[in-house]
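First comes the structure, then the notes that go with it.
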Amino acid sequence: MQFHNGDTALVVIDPQNDVLSEQGISWGLVGESIKQNNTVENLASLFLAAQLRDFPVFVSPHYLYPHDQAWQFGGAVEKMMLDSKEFYRPAPLSLAGFASSGADWLARYKPFIEDGKTIVVSPHKMWGPQTNDLVFQLRKRRISKVILCGMLANLCVESHLRELLEQGFEVAVVKDATAGPRHPEIGDGYAAAVINYGFLANAVLTTDAAVKAMG
């Protein structure tokens, strides 16, 4: 893949405290993978490269509100998220209590995300962008290629990858700018995701390779 800032966007999934901070709700499941991949630093490198080279940046966040607590069924991780109030916000139209919460951006990314240029799309409610306006916003800016990164590798990132491919986008996944949960019974989510990236994505890159290609 070749990247140009006129047709390629950096799409970052869930750059939020609950999955990237040591104080986050999911750190016990994802911390080891984050450290091994150097995920926090690698995401920062991609944000910086996009800023310096004028690539559009889209953030697809995960928010759960009080009314979502009334869902009547769900999968294993979905239930964990609801029970632990991961990505929780008290109301969809209020930022009360948002700052430094689990749903807030990791502090080091705020200068990038809050630069007045980054597009924060509506929240995805499960794993993929079918429940938000990411595809609409990309198409409105004539974006045809995506550099995909963020959290979690086997859930939201893989689901975004699959849907963007189905929607006709060309997608490169940055494999060390993500991380996955390691569960004693369910297994290693990161390992599973990387295998699927190899089968599905148009390219699977390291952060260094992606930054170089953006240059």
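Rounded to the nearest 500, the helix-only mean residue ellipticity at 222 nm of the chain stands at -10000 deg cm²/dmol, with each DSSP H run of n ≥ 4 adding -39,500 (n - 2.57). Going by accessible surface with a 1.4 Å probe and the largest first, GLU166, GLU32, GLU41, GLU86 read GLU166, GLU32, GLU41, GLU86. Restricting attention to the chain, close to 10% of DSSP beta bridges with both partner residues there are antiparallel. Among the listed options [x] 33, 19, 16; [y] 25, 19, 17; [z] 22, 20, 16, the one matching semi-axes √(5λ) of the Cα gyration tensor in Å as calculated from these coordinates is [y]. Solvent-accessible surface of protein heavy atoms, probed at 1.4 angstrom with all chains present, puts ARG162, ARG142, ARG89, ARG53 in the order ARG142, ARG162, ARG53, ARG89, largest first. Residues in the range 53-60 carry Karplus couplings, in order, of 10, 6, 8, x, 10, 10, 10, 10 Hz; the curve used is 6.51 cos²θ - 1.76 cosθ + 1.60 with θ = phi - 60°, and Gly or Pro positions show x. I want to make sure I understand the PRE zone here: with the label point 7 angstrom from the Cα of GLU32 toward its beta carbon, which residues in the range 182-197 have backbone N atoms less than 14 Å away? Those under the cut-off are 182-192. Pairs of lysine residues in the chain that meet both criteria, 8 or more places apart or on different chains and Cα atoms under 16 Å apart, total 5.
Taking Cα atoms of the range 67-181, Rg/Rh with Kirkwood Rh, to two decimals? Working shown, then result.
Numbers: Rg = 15.0 Å, Rh = 15.8 Å.
Ratio value, two decimals: 0.95.
Shown is the FRET efficiency for GLU185 and ALA213, computed with R0 = 41 Å from the Cβ-Cβ distance and rounded to the nearest 0.05: 0.60.
The values are calculated or read from the model by the stated rules, or taken from the named source; none is laboratory data. Please read these numbers as outputs of a predicted model, since none were measured by experiment. Note that each Cβ is placed from the backbone with ideal geometry, even for glycine, and that neighbours are counted across all protein chains shown. Side chains are part of the model used for accessible areas, which takes the heavy atoms of the whole protein and leaves out ligands, DNA and RNA. Shrake-Rupley method; radii C 1.70, N 1.55, O 1.52, S 1.80 Å.
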